[in-house]
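Remarks on the structure that follows.
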């Protein structure tokens, strides 16, 4: 496992930017990494990506110099184990709705004495030949990140306790699911939803934790950065679609 540059940058007070890629394409993930983003979140929650797909995409992201994370389908130790073993440097856990669930994600991600993750000579451990397993355990515990998603009303109520859970590196807001939970499906810009998002971000930051969020463009990313958000993401389609439409509009203009 390599040093986690995202973790180092955040620890130094910096802000990191990344792209969610839900397509089973190592090449696409690699292109975004070469563009200079800090990380790629390989999205295995929505879509058809399995650990084999994620392994290939992880290799591509690493080769291009970015940090690979994976958003897992569920907060289940067996699922987290498989996606971590392919070599990703952290997990984003969806629908984390209580301190107990956040703690369970940490337990499933870390090895003894910090957790209960199963240990084997897998790719993450350089197959047991590139690094001695006892050394790998120490490195993995230090470098692997846990990103808990804040995206439901239940999470809002549990957030003060969740912020006290050791081992959670980032609290990440999912605006679409949060808007749905608040009664405004797919309307994250609704004033009532925006007010809740701003309140959550302020609460995370005031607790001295790293706040993260999904954005839709550079302007919204800048606004959140100015609010103190330090883990800022955008979806691949939010980058590709406007570029394709802009190309066609310019090319076909009379």
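The values are calculated or read from the model by the stated rules, or taken from the named source; none is laboratory data. Just so it is clear, the model here is predicted, and its values are computed rather than measured. Please note: Cβ atoms are built from the backbone with ideal geometry, for glycine as well, and neighbour counts cover all protein chains shown.
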* Structure fact -> Of 208, 246, 174, 218, the only residue that is surrounded by fewer than 11 Cβ atoms within 10 Å (Cβ to Cβ) and within 23 Å of residue 28 (Cβ to Cβ) is 246
* Can you tell which of 88, 116 is part of a loop (DSSP other than H, G, I, E, B), over 26 Å from residue 232 (Cβ atoms) and in contact (Cβ under 8 Å) with a residue 24 or more places away in the chain? -> 116
* Of all residues making up region 32-50, the number that are surrounded by fewer than 18 Cβ atoms within 10 Å (Cβ to Cβ) and either within 22 Å of residue 123 (Cα to Cα) or in contact (Cβ under 8 Å) with a residue 12 or more places away in the chain (or both) -> 5
* Asked: Which one is nearest to the chain's Cα centre (by Cα), of the residues in region 129-153 that are part of a loop (DSSP other than H, G, I, E, B) and within 26 Å of residue 93 (Cα to Cα)?
  -> 144
* Single condition residue 62 does not satisfy, out of (1) at pLDDT 95 or above; (2) under 17 Å from the mean Cα position of the chain (by Cα); (3) under 27 Å from residue 176 (Cα atoms) -> (3)
* Scan region 223-254 residue by residue and report those that are within 17 Å of the chain's Cα centre (by Cα), touching a residue at least 40 places away in the same chain (Cβ under 8 Å) and over 30 Å from residue 207 (Cα atoms). => 236
* Structure fact -> The number of residues in region 183-208 that are assigned to a loop (DSSP other than H, G, I, E, B) and without any contact (Cβ under 8 Å) to a residue 40 or more places away in the chain is 9
* To do: Look at residue 126 and say whether it is surrounded by 14 or more Cβ atoms within 10 Å (Cβ to Cβ) and part of a helix (DSSP H, G or I).
  => yes
* Structure fact -> Looking across region 146-166 at residues that are surrounded by fewer than 18 Cβ atoms within 10 Å (Cβ to Cβ) and touching a residue at least 12 places away in the same chain (Cβ under 8 Å), the single one that is farthest from residue 194 (Cα to Cα) is 166
* Exactly one condition in (1) in a helix (DSSP H, G or I); (2) under 17 Å from the mean Cα position of the chain (by Cα); (3) in contact (Cβ under 8 Å) with a residue 24 or more places away in the chain is not met by residue 79; state its number. => (3)
* Structure fact -> Sole miss for residue 180 among (1) loosely packed, with under 14 Cβ neighbours inside 10 Å; (2) at pLDDT below 95; (3) in a helix (DSSP H, G or I) is condition (1)
* Using the structure shown, decide if residue 161 is modelled with pLDDT of 95 or more, over 27 Å from residue 87 (Cα atoms), in contact with a helix residue (DSSP H, G or I) (Cβ under 6 Å, 6 or more places away or on another chain) and assigned to a helix (DSSP H, G or I). => yes
